[in-house]
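I have placed the structure first, in the form of structure tokens, so that the comments after it can refer back to it.
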Protein chains: 2
Amino acid sequence: MAERKATSFDIAAKAGVSQSTVSRALRDSPLVNPETRARVQAIARELNYQVDRTASSLRTGNTRTLALLLFEDAPEAASPINPFFLSMLGSITKACSAHDYDLLVSFQHPEEDWYARYEEAHRADGLILLGYGDYVSAHPTLQRLADSGAHWVIWGPRLNFEHGICVGSDNALGGYLATRHLLKQGRRNIAFLGCNSEQAPEFADRYRGYGDALKEAKLVADPDLQVYAESFEDSGANAVASLLDAGLEFDALVCASDLIAIGAMHYLQDKGIDVPGEIAIVGFDDIQAAAYCSPALTTVRQDVKRAGETLVNLLLELIESGDETSRLLEPELIVRESCGS
Amino acid sequence: MAERKATSFDIAAKAGVSQSTVSRALRDSPLVNPETRARVQAIARELNYQVDRTASSLRTGNTRTLALLLFEDAPEAASPINPFFLSMLGSITKACSAHDYDLLVSFQHPEEDWYARYEEAHRADGLILLGYGDYVSAHPTLQRLADSGAHWVIWGPRLNFEHGICVGSDNALGGYLATRHLLKQGRRNIAFLGCNSEQAPEFADRYRGYGDALKEAKLVADPDLQVYAESFEDSGANAVASLLDAGLEFDALVCASDLIAIGAMHYLQDKGIDVPGEIAIVGFDDIQAAAYCSPALTTVRQDVKRAGETLVNLLLELIESGDETSRLLEPELIVRESCGS
DNA sequence: CAATGGCTTGCATACGTATTCACGCTGGCG
DNA sequence: CGCCAGCGTGAATACGTATGCAAGCCATTG
């Protein structure tokens, strides 16, 4: 069957009506006689007719498609994708399906001038930007995007652009919950892994929450126990190693991400240190691996399903009504084994 | 800037040439004078002009877009996506980017009549089908797709359709490698978890490889040690529980997927049984969590990166030259801790 | 009986691009 | 000096759909 695809004209001919009527009938327009509509729709089914979305988009000006732009630190094909973003991708895809929208997915080299490609090229009605803060929000082209009147949402901390909206977790609250829980367990020397990240400004908020919880407990955070880490296992291992090497006393770790936590946990276990017996650990994100490792990782869950739905819903409302506001989602502490409860 | 988007006519006016010339210049046609071309391109840049892909597609008949259809057992938004497919999604996305193609991602309810939506509706030039075998390959609409002359590739075991090509792992080889390795470690009572899966026919090939390795070692597979499981943690736990409850002797598990292996491993650990001391475990897939669990899981890696590239490359060649053949990819044994090496 | 209005339908056009066809101009050659 | 070749350009059109506008028909009403 290399035959030409059926068009609305073919249906029109077969139904003995005009192409306009076919178009209206297929879109359930009230203008067309119910009988005619039924006849046209029957013929359309019979011919396996599908509206040509390309032509339809050209005519109507909208694509019923959203574009997801993923910003990764290392966009080479070799590197694995951050598992948290991968889950977000899954939930966003499902949220789009639910609204009968299609989703274009694409990786972006942060250095590239990605600004124009999608909305400009009339490929999508709106954009979802996903990636660790600095790689996206500090990008000069984001300003251009904001100025362009395009429809977009971004995952991450709130930004001050006139157009475009932000959806993110309340990272400070998350850091606070993690730390308070450890304090309730009686831990007193709590270190924080993930300060001064260049990669992820959201870590700074988590760190702030950690400080708040200590302050509330009338404790002073020991500056030596607050160390740098990025969201990789290696980095978590290095961070905890530096603490051990310095001979510091600590009985718990609040980690700015699960990858850091898992790296740190494995390092401690390799050194024969019991987790959570000697050192309790709390992570952040609740990636899938958090539940699988031993001991299972207590962590601050960012509800990926709700996040994806929120991003998509807000973007669609923004497209339709043009008016929406940024949102902050509440994270949730998931207590497993690594915190010693 | 709510202004109208610039069109090729705007550029034409500004450059003092016709729209035809603009179109040719932007596509680097040799027909147009190099000077004119440079001038036109400069103006296009200046106006932030982007070719309207919708109109372009309508005219040329191709979209430079592929569609990825993901078939999941439980398409409700609540359920998490199988991590192996999620990684494939990532690698396919990257492979498309590398070819400057866009990727449409969409979940499919297996019961639905998904056949027509993409190529038919002129949304994509080709289709990639991804999901556990039966949900896709046994579907009646796949036959319609195969008959329709559409361009598509499917991940999984080879199928006999006239059109369309299959890319999959050599699952039998994988099962063989896993089992042979355990035999080399001196294990003799090796159970297999994942027989008779309704979900995943590829498990049957893995099981066959397991049998081949035993036969090669002149061992007879104990039928009691070959149990049913689907690719969920719970199912793995149940499977190994049934072995323990039956009081059977075994010193190793070959699992048809990593999720099964992780479920089984945790169950054994809960019962105070040492892995790999008393029981060695090998999984299949090499999902991210395999490296993170304790002990780290020895597993048969399906090279997700190469798989994604192969799917995309073959599909593109199929679209362009119309002639390609199915491929079988070699899996690789990744030795970690859970096998007791 | 004429006028009005509601209900259906068809005609014509626009969306923005890519490409076929035709044409004008320049220079070389007979 | 005239003709032809070839390069560069423009005019016109097609891709398939959605929709504003106009018109036809029938029934109702004054």
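The table that follows gives values for the structure above.
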| read-out | value |
| --- | --- |
| Computed helical MRE - 222 nm, chain B, DSSP H runs ≥ 4 contributing -39500 (n - 2.57), nearest 500 | -13000 deg cm²/dmol |
| 20 Å Cα-Cα reach of residue A:215 towards aspartates and glutamates, excluding residues that sit fewer than 8 places from it in its own chain | A:170, A:205, A:224, A:249, A:251 |
| Centroid-to-centroid separation of region B:143-172 and region B:1-73 [C-alpha atoms, Å] | 35 Å |
| Share, in percent, of DSSP beta bridges within chain B that are antiparallel, nearest 5 | 10 percent |
| Reach of residue B:5 by Cα under 24 Å, taken over lysines that are not fewer than 8 positions away in the same chain | B:14 |
| Computed label-point distance, nm, for sites residue B:234 and residue B:29 using a 7 Å Cα→Cβ extension | 6.2 nm |
| Distance histogram in 5 Å bins (all Cα pairs of region B:171-302, percent per bin) | 2, 12, 25, 28, 22, 10, 2 |
| Label-to-label distance, nm, for residues given as residue A:147 and residue A:48 (7 Å Cα→Cβ offset) | 5.0 nm |
| Test item: Cα-centred dipole of chain A, Lys/Arg +1 and Asp/Glu -1 on Cβ, debye | 1520 debye |
| Difference of contour (0.36 nm per residue) and Cα-Cα distance, residue B:196 to residue B:249 | 16.9 nm |
| Calculated label separations, residue B:143, copies of the chain, 7 Å along the beta-carbon direction, nm | 6.1 |
| Signed unit charges on C-beta, dipole axis of the protein assembly as shown, positive-most listed residue A:264, A:239, A:168 | A:168 |
| Those aspartates and glutamates that a straight Cα-Cα span of less than 12 Å connects to residue A:94, excepting residues fewer than 8 apart in one chain | A:102, A:309, B:72, B:76 |
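Just so you know, all these numbers are worked out from the coordinates, no wet-lab data involved. No experiment lies behind these values; they were computed from the predicted model shown. Positions of Cβ are generated from backbone atoms using ideal geometry, with glycine treated the same way; all protein chains shown enter the neighbour counts.
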